[in-house]
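A short worksheet on the structure shown next.
The values are calculated or read from the model by the stated rules, or taken from the named source; none is laboratory data. Given the structure is predicted, the values throughout are model-derived calculations rather than measurements. Cβ: placed from backbone, ideal geometry, glycine included. Neighbour counts: every protein chain shown. With ligands, DNA and RNA removed, areas are computed over all heavy atoms of the protein, side chains included. Shrake-Rupley method; radii C 1.70, N 1.55, O 1.52, S 1.80 Å.
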Amino acid sequence: MANVNAGHHDHHPDQEELRTFAFWIYLMTDVILFATLFATYIVLQGSTDGGPGPKDLFQMSGIYASTFILLTSSFTSGLAILAMNKGNRLALMNWLGVTVFLGASFLFLEINEFIHMVSEGATIGTSAFLTAFYTLVGTHGLHVTLGMGWMIIVIMQIAKHGITPVTKRKVNIISLFWHFLDVVWIFVFTIVYVMGVN
Amino acid sequence: MWESVKEFASEFFVTGDPLIYGADVSIVLSIIAVVSVLTYFKKWGWLWREWLTTVDHKKIGIMYILASVLMLFRGGVDALLMRAQLAMPEMQFLSGDHYNQIFTTHGVIMILFMAMPLMFGLFNVIVPLQLGARDVAFPFLNALSFWLFFSGAMLFNLSFVIGGSPDAGWLAYPPYSELAFNPGPGQDFYIWGIQISGIGSLMTGINFIVTILKVRAPGMTLMKMPMFSWSVLSSCIAIVFAFPILTVTLALLFIDRYLGGHFFTLDGGGNPMMYINLIWMWGHPEVYIIVLPAFGIFSEIVATFSRKKLFGYKSMVFAMIIISVLSFLVWAHHFFTMGSGADVNAFFAVTTMLIAIPTGVKVFNWLFTMFRGKITFETPMLWMVGIIPNFVIGGMTGVLLSVAPADFQYHNSYFLVAHFHQVIIAGVVFGFFAGLYYWWPKIFGFKLNERIGRWAFWLWNIGFYLCFMPQYALGLMGMTRRLYTYGWDKGWFEMNLVSTIGAVIMGAAFLVQIWDIAHSIKHMKRDTTGDPWNARTLEWSIPSPAPFYNFAVMPQVTSQDDWHERKLRIEQGLEKPAKVELEPIHMPKNSGIPIVMSMFWFFVGFGLIFDWLWMAVPGFIGVIACMVVHSFNYDTDYYVTVEEIKRTEAEAGRVIT
């Protein structure tokens, strides 16, 4: 038993590693959440109940712009990780800040799109198609909002504590989340918008 | 002014039923009693420091078990009310509306607020100990899971006296659960009560997967891990895949009801069948989520009391994994009669029947473990053996139900009611009872009285057969579920009366168990060995109840049933109890955030149920604020000194030099 104790510290679970692992499992649950919403959307896509359908509502120019912005924000969050790995705290905070700004721009375009649609009479209560549309796209938007708030909190903690194992893990996790949102958006873009207007 | 207050109160509080006034009075009286006892004995500080803010997995487990026993009482009273109404034809005890509310709350409470927390309670008190771990992977998250379950459960139970209970069945099928047909707040209580506690369940699932995969004692490979921990792992994997579907389903129903959406409505292009698919994609795995840990418990008990290694360890592991995978491929057997078509029905009939194979493997493995074992029949083993015939009958009627054409006869009949009660009571509830009797000394430090325990066992089993065997017959005689009264001409009287008598006996059995606990506390004989059953796994290698840091020294595992093997080696003189050196132990600090955050969730739920944004919005801000405060808190742990470890171990009767 004595020699067991010698190795005691090797077996102490590393909290940062555990949290990253748990976050991957959480992301898996989020995948299922979105998969369920996509399935519902696909089932209800045609149920416009005589109301407007995808072809009448979607304006693709705005969608291309917001897609470009979101993809760019994933890139800037990657630049933040690079800066962190180089130990450049200021660059890390700046790139995270840029990412938040791009996220806000994406959200601004999305809210504008929703307002435009509602003004044309296409509300969440108009038809099953629109209920499913607003819920799916809105849930993604909600995730973006949460991600932005989260990123701001992480920036504040980096300002306070610098680059430590804890803040490092927090940056890694939020950037993982941000890439995940990007992947989900690619599915939204393809299934909802591109397949909707074609 | 007074008139409007009166009008509000008459809508807000449920009125006009003596049962509900009785509940009002008992709720108020018990709150007054609890508050005055705590104040008189000056126990508020103790309650807050030791329990409400604890992150110790063992204490959280005890709170889960306590809450679930309370819920078992509530759900059991619901069951007795229903059986009283059905005891005789043309009874006038409950009205049809009231009956609908009672079967709905009975189902929801028993599955989500009794079976789930009882299971999580056992996860919490046992899994880290079995793994040789100091705690679960995320103690703070664990406390948060418990308090979310607790506020969800309280929110749901409140519907009985405030606003009105849900009445759309335990899975709330639309269109009946939609606003057009069900405008009262009952259905919203259902949505938020389950939603809030469901988030807690999902987090528990993630927490235990990480705990089991990442924080086992050195040397414990997955294939040396105790079977209960394996069952928890497979159950948690199913939780992680199934619960997000539930979250979405309830959210969609809420969007329909609150924002005027059309997911499942009859108008606006909605599709109620979509809900039925979604809810069973969660609901079917859910029944395996709760039964798999019971299988793990049986495996531990049968090995301990047969004094043998578990037969077919590897096949048990694979059987469990196969069951958790197959549980996701069978959901449509819940609606064979709803127009899926022959091919779809055939697919789901076959996958359903396939589950009987791994389940059969497990039953045979338990029997072979007993074969040529030195069996002793202490209460846990008595439950384990009693469950086998029960579960086999329940499983076989399940196979009968899985035959799609035959199901057109059984569907929604009492045959079905008897089947699922037989598997869920015999498989899950009795399984968890067996686990409670087995681990009771480890959790509380003393054994329960064997003689009274036997009484409870026999009463439960006799009541159980009397209650549910007649229901199989009633189902074949044409009695359907959810009906609240019937005529004399049906010929269902005798069977229903017997069934009701059985239910009353089960109620008595529950009281005998409570008596068993009270009696055992009064005549308590402290367990000083830490291993009263001469068991095989690591949790029995430490004092009972376990010290707050669990293991003074991390165990080194070399084989399956490591504690048993170590005892053998010491007995044969091959190994001496080793001299050990203690080191300071790293422990998490208590936190008040989980309970405060869950209270804010309660306000979110309550506010949205009554459409009070002035309550829901601040509640939500509170939730976010709690998250932010926790994120900024870097001071979450401390070290236990060697002196304190020595002192604690000495108090438990162990001297460490």
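Screening B:ARG134 against (1) out of contact with any strand residue (DSSP E or B) (no Cβ under 8 Å at 6 or more places or on another chain); (2) open to solvent by 20 Å² or more (accessible area, probe 1.4 Å); (3) not β-branched (Val, Ile, Thr) leaves a single unmet condition, (1).
Here B:LEU222 does not qualify as without any contact (Cβ under 8 Å) to a residue 24 or more places away in the chain, hydrophobic (A, V, I, L, M, F, W, C) and facing chain A (nearest Cβ under 9 Å). Take the conditions (1) at pLDDT 90 or above; (2) open to solvent by less than 40 Å² (accessible area, probe 1.4 Å); (3) more than 28 Å from B:LEU246 (Cα to Cα); B:PHE113 misses just one of them, which is (3). Remark: pairs (first residue in region B:343-370, within 19 Å of B:LEU292 (Cα to Cα); second residue open to solvent by 60 Å² or more (accessible area, probe 1.4 Å) and in a helix (DSSP H, G or I); Cβ separation under 7 Å; 6+ apart in sequence or on different chains) = B:THR351/B:LEU329; B:PRO358/B:ILE322. Screening region B:351-458 for helices (runs of 4 or more DSSP H) wholly inside it with 3 or more residues that are in contact with a Gly (Cβ under 7 Å, 6 or more places away or on another chain) and crowded, with 19+ Cβ neighbours inside 10 Å returns the ranges B:379-402, B:414-421. For region B:271-299, give me each residue that is hydroxyl-bearing (Ser, Thr, Tyr) and open to solvent by less than 20 Å² (accessible area, probe 1.4 Å). Matches in region B:271-299: B:TYR275, B:SER299. Among residues of region A:121-135 that are open to solvent by 20 Å² or more (accessible area, probe 1.4 Å), those with a beta-carbon under 6 Å from a residue that is not in a helix (DSSP H, G or I) at least six positions away or on a different chain give the pairs A:ILE124/B:GLY261; A:GLY125/B:GLY260; A:THR126/A:GLY51; A:TYR134/A:ILE124.
Conditions (1) over 30 Å from B:ARG216 (Cβ atoms); (2) of a type in the set (Lys, Arg); (3) within 14 Å of chain A (Cβ to nearest Cβ), marked per residue:
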site	(1), (2), (3)
B:LEU474	yes, no, no
B:MET479	yes, no, no
B:LEU483	yes, no, no
B:LYS490	yes, yes, no
B:ASN496	yes, no, no
B:PHE510	yes, no, no
B:THR528	no, no, no
B:ASN534	no, no, no
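Just one of the listed residues (B:VAL69, B:VAL34, B:VAL77) is assigned to a helix (DSSP H, G or I), more than 22 Å from the chain's Cα centre (by Cα) and within 21 Å of B:ILE514 (Cβ to Cβ), and it is B:VAL34. Looking only at residues that are among the aliphatic types (A, V, I, L, M) and out of contact with any Leu (no Cβ under 9 Å at 6 or more places or on another chain) in region B:68-92, which one is least open to solvent (accessible area, probe 1.4 Å)? Residue satisfying both the conditions and the ranking: B:ALA79. The set of residues in region A:100-152 being within 14 Å of chain B (Cβ to nearest Cβ), aliphatic (A, V, I, L, M) and part of a helix (DSSP H, G or I) consists of A:VAL118, A:ALA128, A:LEU130, A:ALA132, A:LEU136, A:VAL137, A:LEU142, A:LEU146, A:MET148, A:MET151, A:ILE152. For region B:300-318, indicate whether the set of residues that are buried (at least 23 other Cβ atoms within 10 Å of the Cβ), within 21 Å of the chain's Cα centre (by Cα) and not in a loop (DSSP other than H, G, I, E, B) is non-empty. Yes: region B:300-318 contains one or more residues that are buried (at least 23 other Cβ atoms within 10 Å of the Cβ), within 21 Å of the chain's Cα centre (by Cα) and not in a loop (DSSP other than H, G, I, E, B). Criterion applied to B:SER201, B:SER231, B:SER235, B:SER197 was being within 12 Å of chain A (Cβ to nearest Cβ), assigned to a helix (DSSP H, G or I) and buried (at least 23 other Cβ atoms within 10 Å of the Cβ), and the one residue passing it is B:SER201.
Looking at (1) open to solvent by less than 10 Å² (accessible area, probe 1.4 Å); (2) touching a Ser or Thr at 6+ places or on another chain (Cβ under 7 Å); (3) assigned to a helix (DSSP H, G or I), can you tell me which one B:GLY261 breaks? Looking at each condition in turn, B:GLY261 falls short on (3). Only one of (1) within 14 Å of chain A (Cβ to nearest Cβ); (2) touching a residue at least 40 places away in the same chain (Cβ under 8 Å); (3) within 30 Å of the chain's Cα centre (by Cα) is not met by B:ILE585, so which one is it? (3) is the only condition that B:ILE585 fails.
Do we have B:PHE457 as at pLDDT below 95 and of a type outside the set (Gly, Ala, Ser) here? When the stated conditions are applied, B:PHE457 does not pass them. Against the list (1) surrounded by 18 or more Cβ atoms within 10 Å (Cβ to Cβ); (2) outside any loop (DSSP other than H, G, I, E, B); (3) out of contact with any Lys or Arg (no Cβ under 6 Å at 6 or more places or on another chain); (4) not polar (S, T, N, Q), the condition B:TRP533 fails is (2).
The residue of region B:482-498 that is most open to solvent (accessible area, probe 1.4 Å), among those that are part of a loop (DSSP other than H, G, I, E, B) and not aromatic (Phe, Trp, Tyr), is B:ARG482. Scanning region A:47-64 for residues that are more than 14 Å from chain B (Cβ to nearest Cβ) and open to solvent by 40 Å² or more (accessible area, probe 1.4 Å) turns up A:LYS55, A:ASP56, A:GLN59, A:SER61, A:TYR64.
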